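These notes concern the structure reproduced below.
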Amino acid sequence: MTKNVLTISNATLAHGSKVLWTNLNLEVHAHEFIAVIGSNGSGKTSLLRAILGQERLTQGSIQFLGKPVSGGHPKIGYIPQNRSVDGQVPLRAKDLLKFGIDGGRWGIGLAKRSVARKVAATLKAVEGEAFATKSIGELSGGELQRLRVGQAMIGEPKLILADEPLSALDLHQQANVAQLLDQERKEHNAAVLFVTHDVNPILGMVDRVLYLANGQFRIGTPDEVLRSEVLTELYGTPVDVVRNQGRIVVIGTHEHDHHPDEEWH
């Protein structure tokens, strides 16, 4: 039997009167790549925050490696949504990667050759060698996002939570980042929860899809979930799923109050 990396049981999360999702049950196995998809406000980021122990469930439980989640875990890698940083922060790109290894234990240990080699290898993997000594405040949005991916992977986590990790990246960088995460889970038997509005760049990597909408959810393979009848039931309004040359486009009608607010193309 495959050991669960993450177990979510009978989980409900509400913000006031708004229920994001209810009675969510999900077992995530080592090596699995799960795409988390849904409209804005459906609770995708909140799910990741709950796994990190940053949001409390309204009911239910979440376990990571068999233990209840609390305030983060060194074996969970997290890639937050792309956002700007304080330009005055005196931290170099390569130092941010070191922080991903030791969890903030600054000191002589950071100079060890093994750490330096790992930082150098990670910088090369995310194509960050050219800005290794730059202050993080000087980095472009794309450079900073690639660095965050490297920081999440450098500690060889058992679970990677990726919140729109392809935002601010061009097509080449998107492909590179997606391949890095896919390689990481294969080489180190990690599981990946990958929040995205566009499933196409990762479609060939995805084992299952968790689709959140209208306080409900569906879980299954892409072929099981990304179907017109499934999403029509989930949204309560007609939704068309079109497949063309290996790509998926989801088209929702705009004649109702509730409809998908994203289109994959």
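Descriptive notes on the structure:
- Region 227-254 - residue that is at pLDDT below 85 and not in a strand (DSSP E or B) and, of those, surrounded by the fewest Cβ atoms within 10 Å (Cβ to Cβ): 245
- Test: residue in region 10-23 that is farther than 16 Å from residue 194 by Cβ and aromatic (Phe, Trp, Tyr): yes
- The residue list 6, 13 contains one member that is crowded, with 22+ Cβ neighbours inside 10 Å and out of contact with any Gly (no Cβ under 7 Å at 6 or more places or on another chain), which is 6.
- Candidate set: region 130-146, residues that are surrounded by 13 or more Cβ atoms within 10 Å (Cβ to Cβ) and modelled with pLDDT of 90 or more; chosen: the one farthest from the chain's Cα centre (by Cα): 134
- Single match in 162, 175, 168 (criterion: part of a helix (DSSP H, G or I), among the hydrophobic types (A, V, I, L, M, F, W, C) and under 30 Å from residue 41 (Cβ atoms)): 175
- Only a single item in (1) more than 15 Å from residue 194 (Cα to Cα); (2) of a type in the set (Phe, Trp, Tyr); (3) modelled with pLDDT of 95 or more is not met by residue 33, and it is number (1).
- Scanning region 18-66 for residues that are assigned to a strand (DSSP E or B) and on the phi > 0 side of the Ramachandran plot, we see that the one that is surrounded by the most Cβ atoms within 10 Å (Cβ to Cβ) is 38.
- Pairs with Cβ under 6 Å, 6+ apart, first in region 14-28 and free of Cβ contacts under 8 Å to residues at least 12 places away in the same chain, second assigned to a strand (DSSP E or B) and among the basic types (Lys, Arg): none
- Of the numbered criteria (1) surrounded by fewer than 18 Cβ atoms within 10 Å (Cβ to Cβ); (2) of a type outside the set (A, V, I, L, M); (3) not in a helix (DSSP H, G or I), the one residue 194 fails is (1).
- Every residue from region 67-104 that is small (Gly, Ala, Ser) and at pLDDT 85 or above: 77, 93
- Taking the criterion of being surrounded by 22 or more Cβ atoms within 10 Å (Cβ to Cβ), over 20 Å from residue 50 (Cα atoms) and modelled with pLDDT of 90 or more, the residues of region 174-191 that qualify are 178, 181, 185.
- Test for residue 204: is it without any contact (Cβ under 8 Å) to a residue 60 or more places away in the chain and assigned to a loop (DSSP other than H, G, I, E, B): yes
The values are calculated or read from the model by the stated rules, or taken from the named source; none is laboratory data. None of these values were measured; they are calculated from a predicted model. With ideal geometry, Cβ positions are generated from the backbone for all residues, glycine too; neighbour counts draw on all protein chains shown.
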